[in-house]
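Participant: Before I ask anything, here is the structure I am working with.
The values are calculated or read from the model by the stated rules, or taken from the named source; none is laboratory data. Keep in mind that what you see is a predicted model, and the values were worked out from it rather than measured. Cβ coordinates were reconstructed from backbone atoms using ideal geometry, including for glycine residues, and neighbour counts include every protein chain displayed. SASA here: full protein model, heavy atoms, side chains in, ligands and nucleic acids out. Shrake-Rupley method; radii C 1.70, N 1.55, O 1.52, S 1.80 Å.
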Amino acid sequence: MTPASVESLFALPFADLMYQAQTAHRRHFDPNTVQLSTLLSIKTGGCSEDCGYCSQSARYKTEVDNEALMPLDDVIAAAKAARANGATRFCMGAAWRGPKDRDLAAVADMVRAVKDLGMETCATLGMLRDGQAEQLADAGLDYYNHNLDTSSDYYDQVITTHTHQDRLDTLSKARTAGMKLCCGGIMGMGESREQRARFIAELAALDPAPESVPINLLVRVPGTPMGAGEALDPIEFVRTIAVARICLPTSYVRLSAGRTQMPDHLQALCFLAGANSIFYGEKLLTTPNPRASGDQSLFDKLGVRPLELTNETAQRSCA
Ligand code: SAM
Ligand code: DTB
Ligand code: SF4
């Protein structure tokens with residue numbers, strides 16, 4: 001899929017785009033089921049990197065306090081609470097350029113403990129060095145989250161301390177170690193539609209495609225270089241979800257950060273466009289997320305059911 005062909009999807013009349021997205025969605029998934037992942041920041045703030053959107057970079061003065069790696073028992077308690085609320089996947093995030101070996105051993109213990117609770121495990125720890133992905137896979141890590149974030153030709157406008165190629169290298173390490181990939185990006189960082197199309201073409205070129213594709217709407221964090229600026233048009237965001245659904249037909253497309261800025265009817269449009277996963281629970285990493293009770297009432301209004309782990313393979317139909 002070329003960037004130009006992806007851009008031509010963006011240019012379709014809205015009804016035609018939604019029809020194509022829904023057709024692709026129904027070919028591979030039950031459209032009334034949404035997967036729930038809960039996030040926990042296991043190590044917050046003080047990151048060496050300069051990602052222009054991030055509250056956790058040590059280079060920007062934000063309201064985030066630096067915290068050391070969380071104790072194992074606290075992680076287990078949070079995972080149990082997430083499971084009791086109905087989440088099937090628990091995603092642990094750390095504000096690192098990449099993990100030190102000592103830290104990785106502690107995270108591996110967390111992965112083993114969460115896995116023992118019967119949940120799917122995901123971690124997002126930054127760039128991995130040789131051998132680290134294997135250690136995580138051996139501990140039972142199901143998914144590695146590492147986002148491309150934006151198109152290759154816009155990347156250095158957002159981040160200068162690592163490159164788009166560095167991201168691809170870590171994705172390749174995680175894949176080679178046998179883990180599933182969670183890889184997406186952030187919309188509304190000042191990129192053009194052409195760059196959104198290139199970004200989706202670059203995601204779709206990963207072979208195999210990432211099993212999970214988080215589409216974040218930029219959360220504007222005061223103190224970061226992207227703390228102020230024009231918001232992305234909501235219909236353009238829905239279009240982006242629909243195009244991602246068409247180009248990544250077998251992937252879960254996650255309506256990720258930014259939901260607190262979205263009224264119910266906008267989120268409903270995103271589900272109609274093919275989003276079938278959300279972050280669930282009142283906090284993302286450092287910023288708020290809708291309350292679980294609000295999500296439950298939205299699901300009730302829409303007739304949406306949360307994905308149950310045991311049904312995961314059953315609910316995917318063959319193309
Ligand atoms: N440090 C690791 C890394 O960068 O890969 C893991 C944590 S990092 C916070 C994970 C992802 O969160 C980023 O790649 C980005 O997509 C998303 N993210 C961070 N800040 C965000 C914001 N303000 N708005 C939307 N998404 C954001
Ligand atoms: C992803 O794509 N989005 C999540 C998760 N992967 C780690 C993080 C969103 C962070 C939003 C800003 C914050 O809470 O700090
Ligand atoms: Fe660090 Fe990740 Fe934030 Fe970039 S996105 S500053 S690597 S925590």
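Participant: Among the candidates Thr62, Thr33, single out the residue that is open to solvent by less than 60 Å² (accessible area, probe 1.4 Å) and within 12 Å of ligand 3 (Cβ to nearest atom).
Facilitator: Answer to the check: Thr62.
Participant: Under 9 Å by Cβ, and 6 or more places apart or on different chains, what pairs join a residue from the range 292-309 that is hydroxyl-bearing (Ser, Thr, Tyr) with one that is open to solvent by 70 Å² or more (accessible area, probe 1.4 Å)?
Facilitator: none
Participant: Further, regarding this structure: Specify the residue that is surrounded by the most Cβ atoms within 10 Å (Cβ to Cβ); the eligible residues are those in the range 88-115 that are out of contact with any helix residue (DSSP H, G or I) (no Cβ under 9 Å at 6 or more places or on another chain) and not in a strand (DSSP E or B).
Facilitator: Ala95
Participant: Out of all the residues in the range 266-311, which are of a type in the set (S, T, N, Q) and open to solvent by 50 Å² or more (accessible area, probe 1.4 Å)?
Facilitator: Result: Ser293, Gln296, Ser297, Thr310, Asn311.
Participant: Please go through the range 96-136 and pick out each residue that is farther than 22 Å from Glu308 by Cα, free of Cβ contacts under 8 Å to residues at least 60 places away in the same chain and among the aliphatic types (A, V, I, L, M).
Facilitator: Listed by number, the residues that qualify are Leu104, Ala105, Ala106, Ala108, Leu125, Met127, Leu128, Ala133, Leu136.
Participant: Surrounded by 23 or more Cβ atoms within 10 Å (Cβ to Cβ) and of a type in the set (Val, Ile, Thr), is that true of Ile235?
Facilitator: Judged against the criteria, Ile235 is not a match.
Participant: Looking at Gly140, Gly131, can you tell me which residue is more than 15 Å from ligand 2 (Cβ to nearest atom) and out of contact with any strand residue (DSSP E or B) (no Cβ under 8 Å at 6 or more places or on another chain)?
Facilitator: After applying the criteria, what remains is Gly131.
Participant: Based on what the data block shows, is Thr224 within 16 Å of ligand 3 (Cβ to nearest atom), open to solvent by 30 Å² or more (accessible area, probe 1.4 Å) and not in a helix (DSSP H, G or I)?
Facilitator: No.
Participant: Could you name every one of the strands (runs of 3 or more DSSP E) located completely within the range 116-185 that has at least 3 residues being open to solvent by less than 30 Å² (accessible area, probe 1.4 Å) and more than 16 Å from Asn216 (Cβ to Cβ)?
Facilitator: Here the list reads 120-124.
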